[in-house]
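The values are calculated or read from the model by the stated rules, or taken from the named source; none is laboratory data. Small disclaimer: the values here were computed from a predicted structure and weren't measured. We place every Cβ from the backbone using ideal geometry, glycine too, and count neighbours over all the protein chains shown.
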Amino acid sequence: MKIAIVCYPTFGGSGVVATELGIALSHRGHEVHFVTYKQPVRLALLNENIHFHEVNVPDYALFHYQPYELALSSKLVNIVKKHQIDILHVHYAIPHAYAGYMAKMMLKEEGIEVPMVTTLHGTDITLVGSHPFYRPAVTFSINNSDVVTSVSESLKQDTLRLFDIRNEIEVVPNFIDTSVIHKQFTDCQRDLMANTNERIITHISNFRKVKRVQDVIEVFHRIQLEVPSKLLMVGDGPEREGAEILVKDLGLQDDVKFLGNSNEIDKILCFSDLFLLPSEAESFGLAALEAMVNKVPVISSNAGGIPEVNIDGVTGYLSNVGNIADMSLNAIKILKDDDTLNRFKENAQREAAKFDIKNIVPIYEALYEGVLVSR
Ligand code: GMT
């Protein structure tokens, strides 16, 4: 099949999932065309099955806001025609599903039918999409997609609760490629980050308010009073400065390292003992899954779809959002001795394997084939 994938090219989870899906589809012989405003960060190499088309929005003095949707839908029309695309797969409803629908309609005028699959990722439904500013357009785009998928059961229920949905929603969970783990490097080099007697705790996110990075610092503060440890803060975003101030206020400067955005997530997780994800909302928690597959147990909130990934008492622990005391106690329970930590590590990797890419990509392929056959 020839598949056009529309996504955000950034470090966010939806872009990562879309990119990894496209790469996996290309390995299975499909021709994949990424359409976005920048080459996706996880898309290192292009090959004969992977193409990237950049959406440009030329500046014009009249525009207060750049009409990205318009440029994207026009680009999609051109690419579908030029490459005889069979399927349009848009990740993150805003504005991709809307732009995709416009492209579909323009192509229809020319007698070209291209089905659109929309994958809902989280904030396109919860924090952003359900706002009255966007709700009518998001509802319309979901109801007019040929196939709609959500990355967790929790997100499906949120979508049905927040919007007036007439379409079916298929749950297709996010995934991970277990075959590449630990293959790129052999030495975890944990001594670069901590002393031998210390545990390494990691948080990875885009440092937005929803991630509650201050809770990460507070939880770490309590942990390190009981268990010698270091905290690695990976990623960047609007809450980073506040987190750095809190670290200073709590006198933790020697124990907390801010590493910024990284393309070496697996390397960092390789020497991590525990992952913290206290998010206010999280449709799935791809970062938790990435940690688990690298044998890192997870201390998280029980928000959204996290309980579908992090199994309480098995791969880590779940607490109510903001319950720093409970999160700290649970973390200490896991970190207190090597046997317990190793048990949680093994459990985390075993549970993560259920989300192996090999199990999930065929589900998307079947959805594509189903919608093509039904035309
Ligand atoms: O919140 C983020 O980290 C980014 C955001 C995105 O759209 O890129 O992530 C959402 O999609 C991810 C991939 O499906 C999910 O794993 C995240 O849980 C989800 N974020 C939220 O729901 C807050």
Exercise. Here are some residues: Tyr60, Tyr92, Tyr65, Tyr98. Which one is closer than 19 Å to Gly129 by Cα and surrounded by fewer than 16 Cβ atoms within 10 Å (Cβ to Cβ)?
Worked result: Tyr65
Exercise. Considering the range 1-13 alone, what residues qualify as being part of a strand (DSSP E or B) and touching a Leu at 6+ places or on another chain (Cβ under 9 Å)?
Worked result: Ile3, Ala4, Ile5, Val6
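Ser145 - would you say it is more than 14 Å from the ligand (Cβ to nearest atom), at pLDDT 95 or above, hydroxyl-bearing (Ser, Thr, Tyr) and crowded, with 20+ Cβ neighbours inside 10 Å? If you could, list the steps in order and put the result at the bottom.
Values: more than 14 Å from the ligand (Cβ to nearest atom): yes; at pLDDT 95 or above: yes; hydroxyl-bearing (Ser, Thr, Tyr): yes; crowded, with 20+ Cβ neighbours inside 10 Å: yes.
The answer is yes for Ser145.
Tell me the residue from Val90, Val32, Val57, Val16 that is closer than 21 Å to Val172 by Cα, away from the ligand (no atom under 16 Å from the Cβ) and either outside any helix (DSSP H, G or I) or in contact (Cβ under 8 Å) with a residue 60 or more places away in the chain (or both), please. Break it down stepwise before answering.
Details: Val90 fails: away from the ligand (no atom under 16 Å from the Cβ); Val57 fails: closer than 21 Å to Val172 by Cα; Val16 fails: away from the ligand (no atom under 16 Å from the Cβ).
It is Val32.
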